[in-house]
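Just so you know, all these numbers are worked out from the coordinates, no wet-lab data involved. Keep in mind it's a predicted model, so treat the numbers as computed, not measured. Every residue, glycine as well, gets a Cβ built from its backbone with ideal geometry; the counts of neighbours run over all protein chains shown.
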Amino acid sequence: MSTAYHDQLIEIRRRLHQNPEEGWSEFTTTAFIVQTLRGYGYEVLCGRKVVNPDFCLGRDMKVVQAGIERARQNGVAEELLAEMQELTGCVAVLDTGRPGPTLALRFDIDCVPVTESTDPSHLPAKLGFISKNPGLMHACGHDAHTSLGLAVAHWVMDNKDKLSGRIKILFQPAEEGVRGAAGMAASGIVDDADYFLGAHCAMSAKSGELATNLYGYLCTTKLDVTIHGKPAHAGACPQDGRNALAAAANAVVQMLGISRHSGGMTRINIGQLIAGEGRNVIPSKAVLKLEVRGETGEINNYMVEQVHNICEGVSKSFGVTYKAEKMGEAVDLNADQELVDILNTAGSEVEGITVVDKPLNFGGSEDATILARRVQSHGGKAAFFLWGSNRPSGHHTASFDICESDLDKALEVWTHIIPKILK
Ligand SMILES: [Zn+2]
């Protein structure tokens, strides 16, 4: 692997690490990606061409506007911001001009709301590329993902004469909270893809490992439930009120009592309940923020259905109304063997890489699964893998970091995968 790619991998990763942006606010990040890709000679699509705003989950317009403002301060051109249409993320497209399949690759670009460690034992602090945005940090390695995606794009452009078919390289916003993929999928951008691949750094894979046989992607649905009641004077005429707080509290107790499922494991957490106006007013509004998870899509749907049933039940008994809004979603993934075989072969060809093809528990949720399922539903094939990296502390913690030298190996793996598909 030439040092050109090595230098850009490290330089871009550190640059992004310093400028983390949370989901749906990644305007400075997207602008940098778009300009870099155009510099390589790509056609780059953004805005509504790659994200359907009607299907965006958990997109807070205050966060969006703050991101646009930050981009202006960072000197992003108005023209480029207009092209983004208040939507982050972009897709690079390259047609080799030779007949062949269409391959879609996905890299996620957002950060986590974590305050980064300033301890000198934390490498970004020691080397001076710690987060400049307070309360935000690339604590899941998506800075590395984006840097890798750009290096892959660069390599593909340099080697396009040896490839056939078409490639689409997706830079997806708002992976955290599994919010971004649904909007991208609904834009139709992967509907012509014959193959779909995504990857994550580290997790349960150590430096030098390539994990290709993952199971246990937790299907999940994140919901905000708003209950509307009716205010009334608590002393004079309580009977005229409809108590949203009481309805919500009842709903919480019932939700925690949802029966387990014999088909596989389930989870539910009601992480927040905000209700009421004041001591002597019958509470007219309550908001519950909750999530359910299930081992399979079917079991997750079972949990969602029970939550809806409970909301309906308390609506009836307390005389309130409710609205449940989906804030995030991920499904499970059944990787196609044809692609898993390609991943295993590619991994075995790269020096310093050990292919781990024994079943490995992914143990989290990942919304690339939404894009994968979209491709599979059109008859395409999909897979997801982990490229390993030793990390001093877990994902989403203040001193999370990856081992930067693993980026070179990950890029080399990609350069062995792509020609096996676009041959
Ligand atoms: Zn992540």
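Could you check the spin-label model distance between Q272 and S405? Points 7 Å from the Cα along Cα→Cβ, value in nm.
If labels sit at Q272 and S405, their model points lie 4.2 nm apart.
Note down the nm distance, to one decimal, between modelled labels 7 Å out along Cα→Cβ at V253 and at H233.
3.0
Can you pull the one-decimal nm distance between simple spin-label points at E349 and D119, each 7 Å off the Cα toward Cβ?
Calculated label separation equals 4.2 nm.
Given 0.36 nm per residue, what is the gain on full extension from Q85 to K126 after removing their alpha carbon distance, in nm? Write down the numbers at each step before the final one.
Numbers: separation 41, 0.36 × 41 = 14.76 nm, distance 3.78 nm.
Fully extending the segment from Q85 to K126 adds 11.0 nm.
Sort the following peptides by mean Cβ neighbour count (other Cβ atoms within 10 Å, averaged over residues), highest first: 243-253, 185-195, 22-32, 362-372. Don't skip to the answer; put the middle values down first.
Details: 243-253: 21.7, 185-195: 19.5, 22-32: 26.4, 362-372: 23.8.
Ranked from most to least packed, the peptides come out as 22-32, 362-372, 243-253, 185-195.
Send over the Kirkwood Rh of the chain, from the inverse of the averaged 1/r over different Cα pairs, rounded to one decimal Å. Kindly include the intermediate steps, with their values, before the conclusion.
Details: mean 1/r = 0.0441 Å⁻¹.
About 22.7 Å for the chain.
Taking the Cα atoms only, what angle lies between the long axis of helix 368-377 and the longest principal axis of the chain, rounded to 10 degrees?
Between helix and principal axis, roughly 80 degrees.
What angle, in degrees between 0 and 90 and rounded to the nearest 10, separates the Cα long axis of helix 297-318 from the longest principal axis of the Cα atoms of the chain?
With rounding to tens, the tilt is 20 degrees.
Using a Gaussian network for the chain with springs between C-alpha atoms less than 10 Å apart, which of these wobbles most: P124, P231, P53?
Top of the fluctuation ranking is P231.
Sorted from largest down, what three extents in whole angstroms do the Cα atoms of region 139-237 have along their principal axes?
81, 34, 24
Can you give the net charge of the other residues whose Cβ lies under 13 Å from the Cβ of R373, counting K and R as +1 and D and E as -1? Before the final figure, lay out each step's value.
Working: positive: R106, R374, K381; negative: D191, E329, D332, D336, E366, D367.
Charge balance in the 13 Å sphere: -3.
Considering every pair of different Cα atoms, what Kirkwood radius, in Å, is found for region 265-423? Kindly include the intermediate steps, with their values, before the conclusion.
Working: mean 1/r = 0.0506 Å⁻¹.
The answer is 19.8 Å.
Report, to the nearest 10°, how far helix 244-256 tilts away from the longest principal axis of the Cα atoms in the chain, using its own Cα long axis and a range of 0 to 90°.
60
Take the alpha carbon gyration tensor of region 219-329, find the square roots of its eigenvalues, order them as a ≥ b ≥ c, and report rounded if a/c is under 1.5; if not, report prolate when a/b exceeds b/c, else oblate. Walk me through the numbers on the way to the answer.
Values: a/c = 2.97, a/b = 2.46, b/c = 1.21.
Prolate shape, in that a/c is at least 1.5 and a/b is the bigger ratio.
Over region 23-124, what number does the Rg to Rh ratio reach, with both radii from the alpha-carbon atoms and Rh per Kirkwood? All intermediate terms of the calculation are to be shown ahead of the outcome.
Numbers: Rg = 16.0 Å, Rh = 15.4 Å.
In region 23-124, Rg relative to Rh is 1.04.
Given a Förster distance of 30 angstrom, what is the FRET efficiency for H395 paired with E312, based on the Cβ-Cβ distance and rounded to 0.05? Let's see the in-between values first.
On the way: r = 37 Å, r/R0 = 1.22.
Efficiency computed from Cβ-Cβ geometry: 0.25.
Looking only at region 192-227, which residues have a backbone nitrogen under 17 Å from a spot 7 Å from the Cα of D95 in the C-beta direction?
Taking a point 7 Å out along Cα→Cβ of D95, the residues of region 192-227 whose backbone N falls under 17 Å are 192-194.
Per the chain: cysteines with no other Cys C-beta under 4.7 angstrom?
C56, C111, C140, C201, C219, C237, C311, C403, each lacking another Cys Cβ under 4.7 Å.
Choose one answer from G263, G141, G229: the residue with the largest mean-square fluctuation in a GNM of the chain with alpha-carbon springs under 10 Å.
Maximum among the listed residues: G263.
Could you work out the relative contact order of region 219-329, using alpha carbon pairs under 8 angstrom and six or more residues apart, expressed as a whole percent?
On the way: 248 pairs, mean separation 47.5, N = 111.
Relative contact order here is 43 percent.
Rounded to the nearest 500 deg cm²/dmol, what is the calculated helix-only ellipticity per residue at 222 nm for the chain, with -39500 (n - 2.57) per DSSP H run of length n ≥ 4? Working shown, then result.
On the way: 12 runs with 151 residues, N = 423.
Using -39500 (n - 2.57) per qualifying helix, the result is -11000 deg cm²/dmol.
In whole Å, what is the distance between the alpha-carbon centres of region 56-72 and region 106-180?
Result: 19 Å between the Cα centres.
For every other residue with a beta carbon closer than 13 angstrom to the beta carbon of K326, add +1 if it is Lys or Arg and -1 if Asp or Glu, then tell me the sum. Let's see the in-between values first.
Values: positive: R59, R179, K222, K289, K323; negative: D54, D224, E291, E325, E329, D367.
Here the count lands on -1.
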